Amino acid sequence: MLVEKFKNFKIYNIYVFILFSYILCLPIAKITAIQNILFVCFVLLFTYFNYKQFNYKDFSKIKIFFISFCVLLFLALLSSLHSINYMETIREIKSEFVKPLIWFLLIYFLISLSDKQNMNKLFFLLGCVLIFHTILNIAIWIDNGGWPSRTGGLLDGTIVALNISAVGERFGIWATYALSFALSMTFSKYKKFAYLFIIIALISIIANHTRATFIGTILIFLVYFIFLYKNKIIKVLSLSLIILSILFFSIYSKNFGERFNIYNMVTSLKYLNDYTPSQFKILEDNYGLGYSTVTRLAMWKSVIVYRIEEPFIPQSYGRFLYGKSLSEIYKDKIENIPYVVFPQAHSDFMSMLFSLGIFGLIFFLLLLGYTLKVSYALTKDENYKSFGVLVFLGTFGYIGSMMFGSFFGDTEQIFFYILLGATLAIYVRYLNEHKIN
């Protein structure tokens with residue numbers, strides 16, 4: 001009996017180590033081969049030793065996830081019939097549906113088979129990954145002279161020129177997850193560490209200083225004080241301070257350059273209906289809107305114009321097929337083509353609307369909403385509160401980035417599904433413990 005327990009313990013720690021190594025590698029660029037090797041090792045090892053224990057009967061309790069996922073997958077497959085690049089669409093489906101689903105199922109079963117001690121171990125390992133990359137990002141930032149350089153850890157690199165907006169956008173997702181982890185620890189016995197790491201995570205976000213990351217950070221703090229913080233006086237004061245700061249910054253930002261001139265962005269929105277997407281350069285030349293802002297607005301207007309004409313039929317699923325597909329659709333109506341055509345729509349919500357139609361966007365929102373609903377439910381139970389807070393706040397941070405970039409793919413999407421697999425496994429356990437059907 002002791003030999004069998006030791007054997008099981010040893011095997012468990014081996015595949016947990018592989019999982020930890022894999023997650024540690026996710027926010028690192030250009031090591032896809034290593035990630036794939038770790039992925040295959042984990043799949044083979046965990047499945048071989050545990051497949052007989054996999055329990056599928058509780059899937060009915062999380063059917064909303066499977067319904068949302070299956071509808072999105074069906075629409076993506078249907079879009080291949082209208083794809084400008086059939087093989088690219090199939091590759092995207094493989095990487096953005098098949099692989100994430102495998103990870104979701106494996107982590108779901110891993111958590112289902114784990115006791116409370118091993119669940120805490122996995123939560124600790126997640127924290128270690130986020131702490132490591134947060135500190136490393138700050139170290140890279142300091143090594144490059146600090147402000148005004150921008151950093152994206154080992155994922156996006158470093159750049160000094162503020163007028164180039166691509167660097168750091170993907171790593172910003174990891175930065176907001178790190179902040180979410182720090183805030184989640186305020187509900188544990190490690191409060192002193194939590195407050196210290198909140199400061200460290202905020203420094204990392206400043207080092208990243210990507211606009212989408214700042215928006216994700218604001219969402220996280222608003223949600224934290226609205227839904228999770230208990231002291232009513234501090235809650236009201238904090239929310240008032242955040243809202244007043246946003247208003248003050250928005251008004252005062254008219255004195256800033258185009259990158260953070262929110263006042264100019266908001267007041268110029270009234271001109272959007274005056275021009276077609278092909279004419280949006282006027283907004284940049286005449287109204288002082290920044291290049292990245294105007295190009296995004298032009299792309300989004302093109303998507304909306306197209307979906308008003310054709311709201312349902314899926315079209316060329318794949319984040320990097322947007323530009324070619326739109327150009328082909330409107331080759332005879334060039335006024336509906338953005339004045340700058342990018343490969344992607346720079347918004348996951350617009351990407352879903354463009355490629356999967358109105359139903360695709362609805363079920364994508366349902367998937368995100370269900371993630372928020374389930375993770376928030378876990379924040380009500382002291383046994384799972386910290387993990388629930390991490391996922392609940394982290395999802396809002398992710399949404400902040402997805403609003404302005406096409407990030408629901410690659411390693412960030414894998415991390416999302418790993419967390420979601422753990423969340424739904426814990427949620428099923430929570431339902432069973434409370435005898436909720």
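Suppose the filter is touching a strand residue (DSSP E or B) at 6+ places or on another chain (Cβ under 7 Å), buried (at least 16 other Cβ atoms within 10 Å of the Cβ) and of a type in the set (A, V, I, L, M, F, W, C); does Ile140 pass it?
Considered against the rule, which asks whether it is touching a strand residue (DSSP E or B) at 6+ places or on another chain (Cβ under 7 Å), buried (at least 16 other Cβ atoms within 10 Å of the Cβ) and of a type in the set (A, V, I, L, M, F, W, C), Ile140 comes out as yes.
What are the pairs, 6+ residues apart or on separate chains, where a residue within the range 20-47 that is farther than 19 Å from Asn137 by Cβ has its Cβ under 7 Å from a residue that is open to solvent by 50 Å² or more (accessible area, probe 1.4 Å)?
Val43/Ile102; Leu45/Ile14
Just give me the residues in the range 364-383 being in a helix (DSSP H, G or I), touching a residue at least 24 places away in the same chain (Cβ under 8 Å) and open to solvent by less than 50 Å² (accessible area, probe 1.4 Å), in sequence order.
Correct list: Phe364, Leu367, Leu368, Tyr370, Thr371, Leu372, Val374, Ser375, Ala377, Leu378.
To keep it simple, each residue is scored yes or no on (1) modelled with pLDDT of 90 or more; (2) of a type outside the set (Val, Ile, Thr).
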position: Glu4; (1), (2): no, yes
position: Lys10; (1), (2): no, yes
position: Leu24; (1), (2): yes, yes
position: Ala29; (1), (2): yes, yes
position: Thr32; (1), (2): yes, no
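In this structure, does Lys270 turn out to be charged (D, E, K, R), touching a helix residue (DSSP H, G or I) at 6+ places or on another chain (Cβ under 6 Å) and either in a helix (DSSP H, G or I) or farther than 26 Å from Ile200 by Cα (or both)?
Values: charged (D, E, K, R): yes; touching a helix residue (DSSP H, G or I) at 6+ places or on another chain (Cβ under 6 Å): no; either in a helix (DSSP H, G or I) or farther than 26 Å from Ile200 by Cα (or both): yes.
Considered against the rule, which asks whether it is charged (D, E, K, R), touching a helix residue (DSSP H, G or I) at 6+ places or on another chain (Cβ under 6 Å) and either in a helix (DSSP H, G or I) or farther than 26 Å from Ile200 by Cα (or both), Lys270 comes out as no.
Report every pair of residues separated by at least 6 positions or lying on different chains whose Cβ atoms are under 6 Å apart, first residue within the range 194-218 and touching a residue at least 40 places away in the same chain (Cβ under 8 Å), second open to solvent by 10 Å² or more (accessible area, probe 1.4 Å).
Ile203/Ile138; Ser204/Ile138; Ala207/Ile138; Ala207/Trp141; Thr210/Glu169; Ala212/Phe404
Can you tell me which residue within the range 79-99, out of those that are assigned to a helix (DSSP H, G or I) and open to solvent by 60 Å² or more (accessible area, probe 1.4 Å), is farthest from Gln315 (Cα to Cα)?
Applying the filter and picking the extreme gives Val98.
So the check is Cβ under 9 Å with 6+ separation or different chains; which pairs have a first residue in the range 92-109 that's among the basic types (Lys, Arg) and a second one that's open to solvent by 20 Å² or more (accessible area, probe 1.4 Å)?
From residues that are among the basic types (Lys, Arg), the pairs are Lys99/Phe39.
Of all residues in the range 143-160, which are surrounded by 16 or more Cβ atoms within 10 Å (Cβ to Cβ) and either of a type in the set (Gly, Ala, Ser) or at pLDDT 90 or above (or both)?
Hits for the range 143-160 are Ser149, Thr151, Gly152, Gly153, Leu154, Leu155, Gly157.
Kindly indicate the residue of the range 185-230 that is among the aromatic types (Phe, Trp, Tyr) and under 17 Å from Phe124 (Cβ atoms) and also modelled with the highest pLDDT among those meeting that condition. Before you say what the answer is, go through the steps one by one.
Within the range 185-230, the subset among the aromatic types (Phe, Trp, Tyr) is 187, 190, 193, 195, 197, 214, 221, 224-225, 227, 229.
The next check asks that each one be under 17 Å from Phe124 (Cβ atoms); those that pass are 187, 190, 193, 197.
Values: Phe187: 95, Tyr190: 93, Phe193: 95, Phe197: 98.
Out of the qualifying residues, it is Phe197.
Just to be sure before I move on: is Arg296 assigned to a helix (DSSP H, G or I), in contact with a Ser or Thr (Cβ under 9 Å, 6 or more places away or on another chain) and open to solvent by 10 Å² or more (accessible area, probe 1.4 Å) in the structure I sent? I'd like the intermediate steps shown before the answer.
Values: assigned to a helix (DSSP H, G or I): yes; in contact with a Ser or Thr (Cβ under 9 Å, 6 or more places away or on another chain): yes; open to solvent by 10 Å² or more (accessible area, probe 1.4 Å): yes.
In short, yes.
With the checklist (1) farther than 27 Å from Asp332 by Cβ; (2) open to solvent by 30 Å² or more (accessible area, probe 1.4 Å) in hand, flag the one item Lys281 doesn't pass.
Exception for Lys281: condition (1).
Among the listed residues Ile337, Ile304, Ile251, Ile262, identify the single one that is out of contact with any Cys (no Cβ under 6 Å at 6 or more places or on another chain), open to solvent by 50 Å² or more (accessible area, probe 1.4 Å) and modelled with pLDDT of 95 or more.
Of Ile337, Ile304, Ile251, Ile262, the one residue that is out of contact with any Cys (no Cβ under 6 Å at 6 or more places or on another chain), open to solvent by 50 Å² or more (accessible area, probe 1.4 Å) and modelled with pLDDT of 95 or more is Ile304.
Is it true that Phe193 is more than 29 Å from Phe260 (Cβ to Cβ) and either within 23 Å of the chain's Cα centre (by Cα) or open to solvent by less than 30 Å² (accessible area, probe 1.4 Å) (or both)?
Here the answer is no, as Phe193 does not meet what is asked.
Looking only at the range 308-328, filter to residues that are farther than 21 Å from Asn273 by Cα, more than 20 Å from the chain's Cα centre (by Cα) and among the hydrophobic types (A, V, I, L, M, F, W, C); which one of those is least open to solvent (accessible area, probe 1.4 Å)?
Leu321
The values are calculated or read from the model by the stated rules, or taken from the named source; none is laboratory data. The structure presented is a predicted model; accordingly, all values stated were derived computationally and were not measured. Here Cβ is always computed from backbone atoms with ideal geometry, including for glycine, and neighbour counts include all displayed protein chains. Remember, those area values only see protein heavy atoms, side chains included, never the ligands or the DNA or RNA. Shrake-Rupley method; radii C 1.70, N 1.55, O 1.52, S 1.80 Å.
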